[in-house]
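Chemist: Sharing a structure with you now.
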Amino acid sequence: MKFIVTLYHFHIIDADGGRREALSLRLPDMHAVWAKIAALASARDAEGRHIRVTNEAGGIVVLVGASTARRLQSLRAA
């Protein structure tokens, strides 16, 4: 069985629209993408920021506020 991994680019967008951080990871599925989003959203300075994830083609896969990402993570854990 061969796993297909996709290259995802993670960007942290400041409230003023500036891109603060970007990293690229090859991940197997959206569960792994959301796990990384949760980790980025849990950073102390993430409040008020957005997390944008794009795929290899540059299309936006996820665009979510850090607060919303934390809330979604807590709902999944419940």
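The values are calculated or read from the model by the stated rules, or taken from the named source; none is laboratory data. This structure is a prediction, so every number in the text was calculated from the model and none was measured. Glycine gets a Cβ as well: all are built from the backbone with ideal geometry, and neighbour counts include every protein chain shown. These area figures cover heavy atoms from the full protein model, side chains too; ligands, DNA and RNA do not enter into them. Shrake-Rupley method; radii C 1.70, N 1.55, O 1.52, S 1.80 Å.
Chemist: Quick one: count up the residues across region 1-11 that are open to solvent by less than 30 Å² (accessible area, probe 1.4 Å) and in contact with a Lys or Arg (Cβ under 7 Å, 6 or more places away or on another chain).
Modeler: 2
Chemist: Also, I was wondering about something else. Give the number of residues within region 41-78 that are of a type in the set (Val, Ile, Thr), within 12 Å of His9 (Cβ to Cβ) and open to solvent by less than 70 Å² (accessible area, probe 1.4 Å).
Modeler: 5
Chemist: Next question. Among the residues of region 12-40, how many are more than 15 Å from His50 (Cβ to Cβ), open to solvent by 70 Å² or more (accessible area, probe 1.4 Å) and not in a helix (DSSP H, G or I)?
Modeler: 2
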